[in-house]
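Colleague: This structure is in structure tokens; I'll ask about it shortly.
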Amino acid sequence: MCIFQFERRIETCYDNQPYVYAGIYEGERAQIENNRKFGEISLELNNKNERKGYPLKFIFKIDINGILHVTEEEVDTGNIANIEIKYDGKPQDDPDIRRIVQEAKEHEREDADFIELINRREVFECEVYDKKWHIEDNSKDETALDIVQRYLDWSDILPNDIGEYDRKLAEFNKEIAKYP
């Protein structure tokens, strides 16, 4: 019997992504390194040649015995991976939970800034991918595709300065403008 269920839809992050790996964390912070990892799940995708944005679904369920059931699903094919996680450690008591929540409140601005940075990265990458797909569908110019890849690789580094994305996007648009 399920006492709690949460579903989250996500998308692949890259073109031709062969698998999806996800860590499972406990905590309230935006950056995963500020939370405690207690599991992981991986799904080899059937449609490995899809473009960025291929739909996936995660379902989290907690049963009456406190066991966490996580399902990762490739929406278009129904291909799934499952994991059950039984919490074998010391259960969190009220002071621990209050401390975790208090730490999240103390770092609320920092977490909001991080979420804004991630959102800006997504806007940047969507623009770069749109240009990439246009080039792939039309000219297939290798030099232009190399430029696109260089900017996507740069974005993987995740700079700390959110303004860097605006500067890089302007630089990218100027450099790629000569390619139809």
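Colleague: Restricting to the stretch 144-177, count the residues that are part of a helix (DSSP H, G or I) and surrounded by 12 or more Cβ atoms within 10 Å (Cβ to Cβ).
Modeller: Filtering the stretch 144-177 for residues part of a helix (DSSP H, G or I) gives 144-156, 163-176.
Adding the requirement that they be surrounded by 12 or more Cβ atoms within 10 Å (Cβ to Cβ) leaves 144-145, 147-152, 154-155, 164-166, 168-169, 171-173, 175-176.
Number of matching residues: 20.
Colleague: Same structure, new question: Quick one: in the stretch 1-18, of everything that is at pLDDT 90 or above and surrounded by 13 or more Cβ atoms within 10 Å (Cβ to Cβ), which residue is nearest to GLU103 (Cα to Cα)?
Modeller: Only one residue fits best here, namely ILE10.
Colleague: Kindly check whether there is at least one residue in the stretch 75-87 that is surrounded by fewer than 12 Cβ atoms within 10 Å (Cβ to Cβ) and either in contact with a helix residue (DSSP H, G or I) (Cβ under 6 Å, 6 or more places away or on another chain) or within 22 Å of GLN31 (Cα to Cα) (or both).
Modeller: no
The values are calculated or read from the model by the stated rules, or taken from the named source; none is laboratory data. Since the structure is predicted, the reported quantities are computational estimates derived from the model, not experimental observations. Methodologically, a virtual Cβ is constructed for each residue, glycine included, from the backbone with ideal geometry; neighbour enumeration extends over all protein chains shown.
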